[in-house]
Amino acid sequence: MNYYHLAELVHRRAEKYQKREALLYRVNETGKWKEVSWREFSDKAMQTAQAMAEFGIKEQDNIGIYSQNMVNCLFTDFGAYANRVVTVPMYATSSPAQIEYIINDAEIKTLFVGEQLQYNNAFKVQKDSKFLERLIIFDKTVKLNPEDKTSVYFEDFLCLGENAHAESTVKVRMNEATPEDIATIIYTSGTTGESKGVVLHHYSFMEVFRIHDLRLPQVTDKDTTMCFLPLTHVFEKAWSYYCIHKGVTLAINQDPRKIQETLKEVRPTLMCNVPRFWEKVYVGVQDKINSSSGFMQKIFRDAIKTGHDYNLEYKNKGIPAPAGLAFKFKLYNATVYKILKKVLGIEKGKLFPTAGAPLADNVNIFLQSVNIPIVVGYGLTETTATVCFYPDKNFVIGSIGTAMPDVHVRIDPTNNEILVKGKTITSGYYKKPEENAKAFTEDGYFRTGDAGHMEGDTIFFQERIKDLYKTSNGKYIAPQVVEGLIGSDKYIQQIAVIGDKRKFVSALIVPDFDQLKKYAQSKLIGYSDIKDLINNPDIHRMIESRVEEHQKDLASYEKIKKFVLLPESFTMESRELTDTLKLRRPVILQNYAAQIEEMYIE
């Protein structure tokens, strides 16, 4: 199979598929889904490329894309690649200060923006920026600031390239494109420090296509994938590009809050996602089971046990299941599992990769047991996403799978750091020579910053090395492991584990307030507001018992001894969460210093 440069990928697919459906997107005004054929995708990408050339955007210039997922994001990406232009994506939720940092660091002159919020933030930055010169606006309903004399709407921008000169310029640039060209610079979320621009070349994406073809023969051009994670996120970007390579239809979910609705409308066969999505599915199903009649609870639990035994004890191990078990599994697969998946809109699903954070074992086992095709993996922005994921057979619950073909993984014996080498690995951080010197070993392995270990060819993730806590008793704690165990509880929305240089482990817990109110109502617990509710001794005892139940298999020194219930969530606005919803631990420690210190008063 041919592995095309991103400059020509969409156009080669258009030659093959012509009028077949390439993209689906929801029209806000009508709520209906609109199709874009492969030919239209190619034409729009070329129109965008020609407009860029006419607009004065030069080869290897950096352009910014500050938008939620929109079909225009893909037109802009592939228009840029045809021009040998570098894309710099930014999260739609980023603040003016965050985009200003990226604009200054990457010296971005032209920024494509999505809706009103992104436009307002970007224009605020542009007014004082020494780099940013103009904005191109995707959403035609955006109202311009009266002072704005330079911005242009995307549809008007496209008209600029409708001439022979722009067409020939793009053709020349496409012919000169090389795999060594920089494709994109993706800025890390900065959980532990200053955000860094990860440089990814076209050859890395071409290698992604090749090695995923070897591992995923089941993905075909008959599939539809739901593009749900932000296209700024390397997981979604690399996966979406891979799907384009395979001729898969991309359904673009523009509003993350509507994912449950759009899943039922599209019913995709593929979707990459992060564990938090599946944790919510798990909590919802458990809640449904627990509120069912005794008879139905018995049916549900037998269905889960049957699926567990069939999928994990036999199918995963390549062993034929006993006839009775196989019959029961087939029966439940046509009834209980099918109904559950249909309610979620995933009954056609055949592959759901999940990564970005550890998936709690109990959630993973449940999903495998009800025949949801979860595939756990691991990767980073610096590795163009996938380093490893579950093999078809003999995957190990609790692991992150086996390495991709020609991606070399080893463990540093000095600190258990996962080291990675291969064509998918970044060439370095943008304009950060000192960081680059620290990021690679002498023989060229990238230091992931993650601790892990290997058993044969199976890789296990332990924790971000910078996040590892060492208690005052000298014991190491992996907070993400504890957070994963307890965060799957239906009464707990968020949790931050505390313990570095402390005598014992504690936690800040944000309850699921809706579930907590339901519990209070069922137990006739009165309260005046949320603060009153979380300070109720009965509520505290209930949460304490659930925390203890989830950590019963942990060593005593790993267990949470004390916790504080918080009346409000960790948010991106308060900088307690990154744009990928990871905890910014230093910020949380600072913001809740008083509550933390109170837990350690003797």
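The values are calculated or read from the model by the stated rules, or taken from the named source; none is laboratory data. All values derive from a computational prediction rather than experimental measurement. No Cβ is skipped: glycine too gets one built from the backbone with ideal geometry, and neighbour counts run over all protein chains shown. Accessible surface is based on the protein model in full, side chains and every heavy atom, while ligands, DNA and RNA are left aside. Shrake-Rupley method; radii C 1.70, N 1.55, O 1.52, S 1.80 Å.
Give the residue that is most open to solvent (accessible area, probe 1.4 Å), with candidates limited to residues of region 498-555 that are within 16 Å of P567 (Cβ to Cβ), outside any helix (DSSP H, G or I) and not aliphatic (A, V, I, L, M).
The selected residue is N535.
Within region 1-42, track down each residue that is among the aliphatic types (A, V, I, L, M) and modelled with pLDDT under 95.
Residues satisfying the conditions are M1, V27.
Can you name the condition, by its number, that G377 falls short on among (1) closer than 17 Å to G487 by Cβ; (2) assigned to a strand (DSSP E or B); (3) not basic (K, R)?
Only one criterion in (1) closer than 17 Å to G487 by Cβ; (2) assigned to a strand (DSSP E or B); (3) not basic (K, R) is unmet by G377, namely (1).
Considering each residue of region 354-371, count those that are out of contact with any strand residue (DSSP E or B) (no Cβ under 7 Å at 6 or more places or on another chain), modelled with pLDDT of 95 or more and open to solvent by less than 20 Å² (accessible area, probe 1.4 Å), and give that number.
3
Just the residues that are of a type outside the set (K, R) and touching a residue at least 12 places away in the same chain (Cβ under 8 Å), please, taken from region 285-301.
Of everything in region 285-301, those that are of a type outside the set (K, R) and touching a residue at least 12 places away in the same chain (Cβ under 8 Å) turn out to be V285, Q286, D287, I289, I299, F300.
If a residue must be among the polar types (S, T, N, Q), assigned to a loop (DSSP other than H, G, I, E, B) and over 30 Å from E236 (Cβ atoms), how many such residues does region 136-189 contain?
3
Residues to consider are E21, E35, E8; find the one that is exposed (fewer than 15 other Cβ atoms within 10 Å of the Cβ) and acidic (D, E).
Of E21, E35, E8, the one residue that is exposed (fewer than 15 other Cβ atoms within 10 Å of the Cβ) and acidic (D, E) is E35.
Pick from I411, I397: which is modelled with pLDDT of 95 or more, hydrophobic (A, V, I, L, M, F, W, C), within 20 Å of P358 (Cβ to Cβ) and more than 22 Å from the chain's Cα centre (by Cα)?
I411
Which residues, counting only those in region 241-255, are farther than 11 Å from V208 by Cβ, in contact (Cβ under 8 Å) with a residue 40 or more places away in the chain and in a helix (DSSP H, G or I)?
I244
Can you say whether L351 is over 15 Å from the mean Cα position of the chain (by Cα) and open to solvent by 30 Å² or more (accessible area, probe 1.4 Å), as far as the supplied structure shows?
no
If I ask for residues that are farther than 20 Å from K503 by Cβ and without any contact (Cβ under 8 Å) to a residue 12 or more places away in the chain, which ones from region 545-602 would you list?
Hits for region 545-602 are S545, E549, K552, D553, T571, L577, Q590.
How many residues does region 568-587 hold that are open to solvent by less than 50 Å² (accessible area, probe 1.4 Å) and within 21 Å of Y491 (Cα to Cα)?
So the answer is 6.
So, of the residues in region 302-337 that are part of a loop (DSSP other than H, G, I, E, B), open to solvent by less than 70 Å² (accessible area, probe 1.4 Å) and in contact (Cβ under 8 Å) with a residue 40 or more places away in the chain, which turns out to be nearest to Y282 (Cα to Cα)?
Restricting to residues being part of a loop (DSSP other than H, G, I, E, B), open to solvent by less than 70 Å² (accessible area, probe 1.4 Å) and in contact (Cβ under 8 Å) with a residue 40 or more places away in the chain, the top hit is N316.
If you take the residues in region 421-448 that are aromatic (F, W, Y) and under 15 Å from H201 (Cβ atoms), which one is least open to solvent (accessible area, probe 1.4 Å)?
F446
Restricting the search to region 59-76, which residues are within 16 Å of G161 (Cβ to Cβ) and outside any loop (DSSP other than H, G, I, E, B)?
I63, N72, F75, T76
Can you name the number of the only condition in (1) at pLDDT below 85; (2) open to solvent by less than 10 Å² (accessible area, probe 1.4 Å) that A478 fails?
Of (1) at pLDDT below 85; (2) open to solvent by less than 10 Å² (accessible area, probe 1.4 Å), only one is false for A478: (2).
Name the single residue that is least open to solvent (accessible area, probe 1.4 Å) among those in region 261-273 being more than 20 Å from A92 (Cα to Cα), in contact (Cβ under 8 Å) with a residue 60 or more places away in the chain and in a helix (DSSP H, G or I).
The residue in question is L263.
Do you know which residues across region 196-222 are open to solvent by 20 Å² or more (accessible area, probe 1.4 Å) and of a type in the set (S, T, N, Q)?
Q218, T220
If only one of A385, A451 is farther than 18 Å from S189 by Cα, under 23 Å from the mean Cα position of the chain (by Cα) and crowded, with 21+ Cβ neighbours inside 10 Å, which one is it?
That would be A451, the only listed residue that is farther than 18 Å from S189 by Cα, under 23 Å from the mean Cα position of the chain (by Cα) and crowded, with 21+ Cβ neighbours inside 10 Å.
Can you tell me how many residues within region 421-448 are free of Cβ contacts under 8 Å to residues at least 60 places away in the same chain and under 30 Å from I103 (Cβ atoms)?
8
Give region 116-135 a look and list any residue that's surrounded by 19 or more Cβ atoms within 10 Å (Cβ to Cβ), touching a helix residue (DSSP H, G or I) at 6+ places or on another chain (Cβ under 7 Å) and either modelled with pLDDT under 95 or part of a helix (DSSP H, G or I) (or both), or say none.
N121, A122, V125
So, in region 456-474, of the ones that are surrounded by fewer than 14 Cβ atoms within 10 Å (Cβ to Cβ) and touching a residue at least 12 places away in the same chain (Cβ under 8 Å), which residue ends up nearest to I102 (Cα to Cα)?
Step by step, filter region 456-474, then rank; the result is K466.
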